[in-house]
DNA sequence: CTGAAAGCGCTTACAG
DNA sequence: CTGAAAGCGCTTACAG
């Protein structure tokens, strides 16, 4: 009950050797035009397509990139996913999608990636214990942490320059007459949230200003509740710096509910520039993450490491920019 | 430069045959506890993991499901993606993610899926020409169209019952005192948009009411612009039925911009029940798609077809329900 | 229950 | 440029 047709079948029909068939489909191999044509004609007739598995078994490489994502619910990530999918497709790679529920990726989550011997890995918005990550190193599989920096700098990472962004946002708000500020953070211990806060604090410190910190969780509901609490406690600041846009939208809705005027009574600034930030209902001032460049840097690194593994490591940080709208 | 360690290495260390090693990792094969333990100990020591490619080459099956998605930008889809990823993981399958830009999936988009000999395929929110789809049939690869019905009913599809939903929405609005309605459609020729409209029209027809149709594109911007046009032309109806939520939010923002009171001056109802619909800024009345059940039906079909291919075909339609909020 | 051997569909030195 | 042959790392009848 042999059902799939293989290179041997094509070879027979084309009247050439199996090796020649293989050469037609293997990039970089040499075949005469005549042989190529015969093979392609036979292949067409039989509906032949090379088996990727046999191919990978021999070459010990695959054309698959593992993409590990957490929190696809944040509208920032669908954008990232789309761009990665397109970029990898453009380079001839397919995407094995792994969804993780936890902030720290578990060994089982990435077992698949190792079993399939992926050519490279992108991990977005999540970290990973050192010894789990090491298994990629051991197999010389290049790995990029996207939008998350590890405390141990033994892996390549690509982020927006969050420290500078925090600073710029601080200076911007001070120029707008900031008196007291609240920073609404994302999940604790995420590098993105921490660095944005650090830069912000540094800027304010230069003018001996301070800020209050409220810990939240990078979700709309989290931003909404946090703001409601602040309103209830009568501790409304003159400006909110919110660690991401989706939370900032929650903050805006909480303020709206209490008929607090933005930006007259309080200013709000977010981070990411998700598409919803520009909606008329919000018109949120925010910091744009340079997603395209971030994706490009990630893909370029992976492609160069796949071609020629070096294990080089860097913490790439790309500058974003302020998008001024109506909440400041 | 042999780098990966294989079953033979483990066999040698464990003092058994390679076949025995294989049996330990192959579900359903019989090995004595003693052998199993020896093998597992040796495997642990060497860091062995079975090569999926060699395995697939022999069994001619993979543990990969192809997931083809369009328009991940609509917040409805990240939810769907997450649920599929979790469900497939639970069944021991990985997800090969394919992003397509066009409404109709092209042959090249799915070439990868055939090359990797995926065990099954889910296509969301897009259609596919019959002859492209046929190549899956030829290879006995089960295929489900998710949230899209094909005109030719030769494939399995899973949708919300859009016709009934349209009807119910029509009856609901009429009970609320509908006089004249506007239906804002999604992309033309999508089954979801067409069936929602059809049901809606049927319901209205029973009371000899009619509706005006405006064609849009399932995006926020599309809904926004369409509503602005209607306002400009002074053809505001007493209610809008908008083919999906993200467009409905655009409609609400357009109305807000012109200070038109919802629901006093005009009612708005959407479709999908995306998380943003419940946000205080919108409080959109909508129709909830039973995503969980839809995903479950899809996964169950695929798993049963993978276990035992029958090629059976059905257009599954699951009932959703009205979520009443403040825009009606 | 276990091992030796064949074979899945490819790539790749090696001769010619 | 081309073909015959070995081999990638597994699974699976087949004997024992």
Position residue B:28, label points 7 Å along Cα→Cβ, spacing to each other copy in nm (shortest first, one decimal):
3.8
Scale the Cα Rg of chain B by the rule-of-thumb value 2.2 N^0.38 Å and send over the ratio, two decimals.
1.27
Can you sort A:268, A:262 from fewest to most other Cβ atoms within 10 Å of each residue's own Cβ?
A:262, A:268
For residue B:318, place a label point 7 Å from Cα along the Cα-to-Cβ direction in every copy; what are the distances to the other copies, in nm, shortest first?
3.8
Relative contact order (percent) for the range B:162-288, with alpha-carbon contacts under 8 angstrom and 6 or more residues of separation?
24 percent
Nearest 10 degrees is fine. How inclined is helix A:291-307 to the longest principal axis of chain A, computing both from alpha carbons?
30 degrees
The convex hull of the Cα atoms of the range B:98-158, divided by residue count, gives a volume in Å³ per residue of 74 Å³
Beta bridges by DSSP in the protein assembly as shown, antiparallel share as percent, to the nearest 5
10 percent
For the residues A:328, A:35, what sequence is obtained by ranking on other C-beta atoms within 10 Å, fewest first?
A:35, A:328
Based on alpha-carbon centroids, what's the gap between the range A:44-114 and the range A:144-167 in Å, whole number please?
22 Å
With an 8 Å Cα cut-off and a minimum separation of 6 or more residues, compute the relative contact order for the range B:52-103 in percent.
50 percent
Count the DSSP beta bridges whose two residues both fall in chain B, then state the antiparallel fraction as a percent rounded to the nearest 5.
5 percent
Just to confirm the number: angle between the C-alpha axis of helix A:76-90 and the first principal axis of chain A, 0 to 90 degrees, nearest 10?
20 degrees
One quarter of the convex hull surface, Cα atoms only: what value does that give for the protein assembly as shown in nm²?
33.5 nm²
Reduced to Cα centres, the span from the range B:280-306 to the range A:186-260 in Å works out to 34 Å
Mean Cα-pair separation over length for chain A, i.e. relative contact order, pairs under 8 Å, 6 or more apart, %:
15 percent
Modelled label-to-label distance, residue A:324 and residue B:37, 7 Å Cα→beta-carbon offset: nm?
7.4 nm
Sorting A:241, B:26 on the 10 Å Cβ count, fewest up front, what's the list?
B:26, A:241
So if I take the alpha carbon set of the range A:254-328, get Rg, then get Rh from the Kirkwood formula, what is the Rg over Rh ratio?
1.24
Computed [θ] at 222 nm, helices only, for chain B once each DSSP H run of length n ≥ 4 contributes -39500 (n - 2.57)
-13500 deg cm²/dmol
Rounded to the nearest angstrom and ordered from largest down, what semi-axes does the equivalent ellipsoid of the range B:69-118 get from its C-alpha gyration tensor (root of 5λ)?
20, 18, 5
For a quick protection proxy, order the peptides B:180-192, A:100-112, B:53-65 by their average other-Cβ count within 10 Å, most packed first.
B:180-192, B:53-65, A:100-112
Binning at 5 angstrom from zero up to the longest distance, how are the C-alpha pair distances of the range A:7-50 distributed in percent?
5, 30, 40, 21, 4
Using all C-alpha to C-alpha distances in the range A:162-288, build P(r) with 5 Å bins and read off the rounded percent in each one.
2, 12, 25, 26, 22, 11, 2, 0
To the nearest 10 degrees, how steeply does helix B:33-46 sit against the main Cα axis of chain B, on a 0 to 90 scale?
80 degrees
List the residues of the range A:101-132 whose backbone N lies under 16 Å from a point placed 7 Å from the Cα of residue A:315 along the Cα-to-Cβ direction.
A:125-128, A:130
Distances in nm between the label point of residue B:8 (7 Å along Cα→Cβ) and its equivalents in the other copies, shortest first, are 2.1
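Computed from the coordinates by the stated procedures, all read-outs in this text should not be read as laboratory data. Note that the structure is predicted; figures quoted are calculated from it, not measured. Here the Cβ is made from the backbone with ideal geometry for all residues, glycine too, and neighbour counts use every protein chain on show.
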